[in-house]
Amino acid sequence: MERFQQTLKKWLAAQHGQPTTLAALQALLDSFVVAYDHHRPHRSLPARATPATAYQTRPKTTPGGRNDSHYRLRRDRIDHVGGVTLRVAGRPHHIGIGRTHARTRVLLLVQDLHVRVINAATGELLRELELDPSKDYQPTGRPPGPQPKRPRTQ
């Protein structure tokens, strides 16, 4: 909290036109919260994500009965060939994401065999799949090799 308060004080001191009323101060504080949570990258979060991005990518609990699903969150980085490895029931499974995302830091949200791969910095969903436990490699579903180039339209 002390670090947050120091950041807030420095930000307030740097603003032009210091507030003269409580309403003006509250408006300034509200704009600080938006900047702090939604626009300012944080060193303590993976890939310097914003707090809002980190919060939105986490699974949320819902009201209702108890279920016996297995949930886990895993931080990883996509390898140089565009895949990530996830161990399920003691067996490694290789999940294809795509070379365009090589070395991207990701969050893997796993609920039993349902897997979501999310870009840790932007919150973008890169891949969602039901893991096939009988296969070691979970392909992307796209044909192998480079994608054909689309003709340019003018």
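The values are calculated or read from the model by the stated rules, or taken from the named source; none is laboratory data. Please read these numbers as outputs of a predicted model, since none were measured by experiment. Please note: Cβ atoms are built from the backbone with ideal geometry, for glycine as well, and neighbour counts cover all protein chains shown.
Filter region 36-69 down to the residues that are at pLDDT 85 or above and exposed (fewer than 12 other Cβ atoms within 10 Å of the Cβ) and list them by number. His38, His39 - these are the residues of region 36-69 that are at pLDDT 85 or above and exposed (fewer than 12 other Cβ atoms within 10 Å of the Cβ).
Just a yes or no: is a residue in region 78-85 among the acidic types (Asp, Glu), surrounded by 10 or more Cβ atoms within 10 Å (Cβ to Cβ) and either closer than 30 Å to Asp136 by Cα or free of Cβ contacts under 8 Å to residues at least 12 places away in the same chain (or both)? Give the derivation first.
From region 78-85, those among the acidic types (Asp, Glu) are 79; that's our starting set.
From what's left, surrounded by 10 or more Cβ atoms within 10 Å (Cβ to Cβ): 79.
Of the ones still in play, those that are also either closer than 30 Å to Asp136 by Cα or free of Cβ contacts under 8 Å to residues at least 12 places away in the same chain (or both) are 79.
Yes: region 78-85 contains one or more residues that are among the acidic types (Asp, Glu), surrounded by 10 or more Cβ atoms within 10 Å (Cβ to Cβ) and either closer than 30 Å to Asp136 by Cα or free of Cβ contacts under 8 Å to residues at least 12 places away in the same chain (or both).
Residues that are touching a residue at least 24 places away in the same chain (Cβ under 8 Å), under 30 Å from Thr7 (Cβ atoms) and not hydroxyl-bearing (Ser, Thr, Tyr): does region 122-137 have at least one? Taking every residue of region 122-137 in turn, at least one turns out to be touching a residue at least 24 places away in the same chain (Cβ under 8 Å), under 30 Å from Thr7 (Cβ atoms) and not hydroxyl-bearing (Ser, Thr, Tyr).
Is one or more of the residues making up region 72-80 among the hydrophobic types (A, V, I, L, M, F, W, C), more than 23 Å from Val115 (Cβ to Cβ) and not in a loop (DSSP other than H, G, I, E, B)? Even if it seems obvious, please write down each step before you answer.
So in region 72-80, the residues among the hydrophobic types (A, V, I, L, M, F, W, C) come out as 73, 78.
Remaining after also requiring more than 23 Å from Val115 (Cβ to Cβ): none.
The answer is no, given that none of the residues of region 72-80 is among the hydrophobic types (A, V, I, L, M, F, W, C), more than 23 Å from Val115 (Cβ to Cβ) and not in a loop (DSSP other than H, G, I, E, B).
Among the residues of region 105-118, those identified as in contact (Cβ under 8 Å) with a residue 40 or more places away in the chain and assigned to a strand (DSSP E or B) are Arg105, Leu107, Leu109, Val110, Gln111, Ile118.
Among the candidates Gln56, Gln5, Gln26, Gln18, single out the residue that is more than 26 Å from Gly123 (Cα to Cα) and either assigned by TED's automatic domain parsing to the domain that holds Leu125 or within 27 Å of the chain's Cα centre (by Cα) (or both).
On the way: Gln56 fails: more than 26 Å from Gly123 (Cα to Cα); Gln26 fails: either assigned by TED's automatic domain parsing to the domain that holds Leu125 or within 27 Å of the chain's Cα centre (by Cα) (or both); Gln18 fails: either assigned by TED's automatic domain parsing to the domain that holds Leu125 or within 27 Å of the chain's Cα centre (by Cα) (or both).
It is Gln5.
Among the residues examined, Leu8 qualifies as in contact (Cβ under 8 Å) with a residue 24 or more places away in the chain and more than 27 Å from Arg142 (Cβ to Cβ). Would you call Asp30 among the acidic types (Asp, Glu) and assigned to a loop (DSSP other than H, G, I, E, B)? When the stated conditions are applied, Asp30 does not pass them. Among residues of region 48-77 that are among the charged types (D, E, K, R), those with a Cβ under 9 angstrom from a residue that is modelled with pLDDT under 85, sequence gap 6+ or separate chain, pair up as Arg48/Pro41; Arg48/His42; Arg75/Pro46.
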